[in-house]
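Heads up, the thing below is written out as structure tokens.
The values are calculated or read from the model by the stated rules, or taken from the named source; none is laboratory data. These figures come from a predicted structure and were not determined experimentally. FYI the Cβ positions are ideal-geometry reconstructions off the backbone, even for glycines, and counts take in every protein chain you see. Calculation scope for accessible area: heavy atoms of the full protein, side chains included, ligands and nucleic acids excluded. Shrake-Rupley method; radii C 1.70, N 1.55, O 1.52, S 1.80 Å.
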Amino acid sequence: MGKHLFRSSPPPEKPTGHLSLAESAVQECMSNINAVISKWTSPAASSSDEFLFSTNSRREAEEFVTAVRHLQSTMHRLVSVNPSSEKLIYAQNLMQSAMRLLESEFHRVLKANREYLDPESVSVRSCKSSRFSTSTTTSVSDSEDEISYEENIDEEHRFSGGDSDAMDDLKMIADCMISTGYAKECVRVYKTVRKSIVDETLHNLRMERFNLHQIQKMDWEILDSKIKTWLKAVKLAVRSLFFGERILADHVFSSSGLIVESSFTEITQEGALILFTFPEYAAKIKKLTPEKMFRFLDMYEALANLYVEIESIFYFESAAAVRSQVINSLARLGDATRLMMTDFESAIQKETSKTPIIGGGVHPLTRYVMNYLSFLADYSESITAIFENWKLSVPTPLPDSLYISGGDEANPEDLYSSPVSVRIAWVILLTLCKIDGKAQPYKDVALSYLFLANNLQYVVVKVRSSNLKLLLGDDWVYRHEEKVKLYADKFEKLAWGRVLDLLPEIPTEEISPEEAKVLVGRFNDEFETSYRRQTSWVIPDPKLRDQIKISLSQKLMLVCTEFYRMNRFGLVGDNESGVRYTPEDIGNYLSDLYFGSRGSGSVSTTGGSGSGSGTGSSATGKSRGGRSH
């Protein structure tokens, strides 16, 4: 009979034979499908824990899907030979019943296997094999402060167990429904279930929908708390939630790229826009102060680090709004950072405190600025991008008010090509100029130089021990270390010079006892005066303190020891010799200095009026020579 079916000029009875064969094929498929539908829609099946797409019946499910596909093809064949066949009506009704069963199973698999289909679980299992991007293989938990995804999902919303074949089951059903013309029904169920999961997950991550007015009305403490929550949520949302949804949609609807795009975009876009709009609104608050900068840099850094992944996950044309929003938020955060940096620089220039720091210690302005800058340098990648095209407005040449003594200060723009390095160097220069001015109230010139040495040493140590060194370079550190030494040398000369000048630098011969007594008496007076006026002075940095003490000890002890050795017969055994400070005593007294106020020897904040004293202007004027920051 087969030969007759395919003859080019069939006799009149041959179409009837062909019609019977097509109808028989439809009838056979209908019988197989009807048996499965009856089995899995019966009251007995409804009351049991067994389902068509489950471990024990998976082979039957595969055969059912194959039968449905075959029914579709045989119906097409029957239509081509007998469009009015009654079998088509029965077949179409049965096809609808089959689709209802598949739709029901599709919905059940989505819901019952929620834990296995959890976005994080999907993303972790699939990150190495994702077909759309290798950039999204970054670990879900790459930060110590990241909170566990599971901790943010209420247990009552989680499903125990789960079928490891769930994703393949969903794909099998989707392929079948799409190929038989029921894509709309399949996609509707998928979008409904998965969007509810995305919305619920964002809610459990404590993401809320805010408009600009609501955020601008928030107290900073509340907004700060919201930012912290956002920082924890955004990485999880991108690398687990959205990435997982993208992987799942890619797998389930692999037969149709258009369906992947439409379903993924509709499921995730609303939540993504809520998430990525928040930084833009936060950056538009009216009271931006320098202290708030680091929260905004945290947001900028988080978004910038995730941008490649966001672009890869939301690469569809229909998701352009999401990508655009991320770019807008980054731009706004950059604007806010530059504004706060400008305010920070302005605050330094406007700082007008005149009260001298007790003992010549580190000024609070120095501590504040350097701590601020060292924190800022931890965001080097972010601030490099933010400051990239931000030109520093520095008058050329620098005004006299910004030239500290020595007059050789260079414009930071002449030293660095990186805008961020220029900006950092400029802020430090402003600070050091301010500190130079704050040395003026000290009446004792030696104390003013100690104050300058202490503050510049604090700056150098902060730069050397932080990422600031990477921005400013070794040359900057070296040049300013040399200036610290210059200040320290000036301090030693002014604080102890008259003591050293009283003794011959290198005694080459013994002098008379009378001359020795006079010299020792004068030495005692000068040493005691110098010591007492410095008992309240402080050198906070241990390294600088040791360097100055060692230098002084070497100079004083060398002179005193040699002098006492050469004139020991005139000074020993004579109660009238006037010796109050032996070389050992001097060493002990020096070791006790520069820890701050101690005992009755402390002096006023502005120092004494001894031989090293001078006017406020001479303490910081260019007459000192050689000093520059």
Virtual paramagnetic centre 7 Å along Cα→Cβ of Q92, amide N under 17 Å, in segment 180-224:
180-183
Can you give the FRET efficiency for K39 and S254, using 1/(1 + (r/R0)^6), R0 = 30 Å, r = Cβ-Cβ distance, to the nearest 0.05?
0.55
If the limit is 22 Å between Cα atoms, which of K438/K462; K493/K543; K111/K195; K485/K549; K111/K235 go over it?
K111/K235
Using protein chains only and a probe of 1.4 angstrom, how many square angstrom of R206 are accessible, to the nearest 10?
140
Additional length obtainable on full extension of the chain from S512 to S179, 0.36 nm per residue less Cα span:
107.9 nm
Simple label model, 7 Å out from Cα along Cβ direction - R59 to K543, nm:
7.7
Please give every one of the lysines within straight-line cross-link reach of K517, meaning a C-alpha to C-alpha distance under 23 Å, and leave out same-chain neighbours fewer than 8 residues apart.
K555
Long-range amide H partners of E115, meaning residues 5 or more apart or on another chain whose placed amide H is closer than 5 Å, are F159
Accessible area expressed per residue, segment 191-333, with surrounding protein chains retained (probe 1.4 Å, Å²):
39
Label-point separation, S324 to E528 (7 Å along Cα→Cβ), nm
8.5
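Roughly speaking, what is the stretch gain from H203 to L470, that is 0.36 nm per residue apart minus the C-alpha to C-alpha distance, in nm to one decimal? Before the final figure, lay out each step's value.
On the way: separation 267, 0.36 × 267 = 96.12 nm, distance 4.12 nm.
Residue separation times 0.36 nm, minus the Cα-Cα distance, leaves 92.0 nm.
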Among trypsin sites (Lys or Arg not before Pro) in segment 272-332, those in a DSSP loop whose Cβ has at most 11 other Cβ atoms within 10 Å are K286, K287
When the solvent-accessible surface of protein heavy atoms is calculated with a 1.4 angstrom probe, in what order do S536, S255 fall, highest first?
S255, S536
At R0 = 30 Å, FRET efficiency that the Cβ-Cβ distance of S418 and A331 yields, to 0.05:
0.90
For S104 and Y315, what is the calculated FRET efficiency with R₀ set at 35 Å and r taken between the beta-carbons, to the nearest 0.05?
0.55
Quick check: pseudo-label points 7 Å beyond the Cα along Cα→Cβ at E270 and A385, how many nm apart are they?
3.0
Can you list the lysines whose alpha carbon sits under 26 Å from that of K287, skipping same-chain ones fewer than 8 residues off?
K217, K226, K228, K232, K350, K391
Per the rule of 0.36 nm per residue minus the C-alpha distance, extending F595 to Q27 adds in nm 194.2 nm
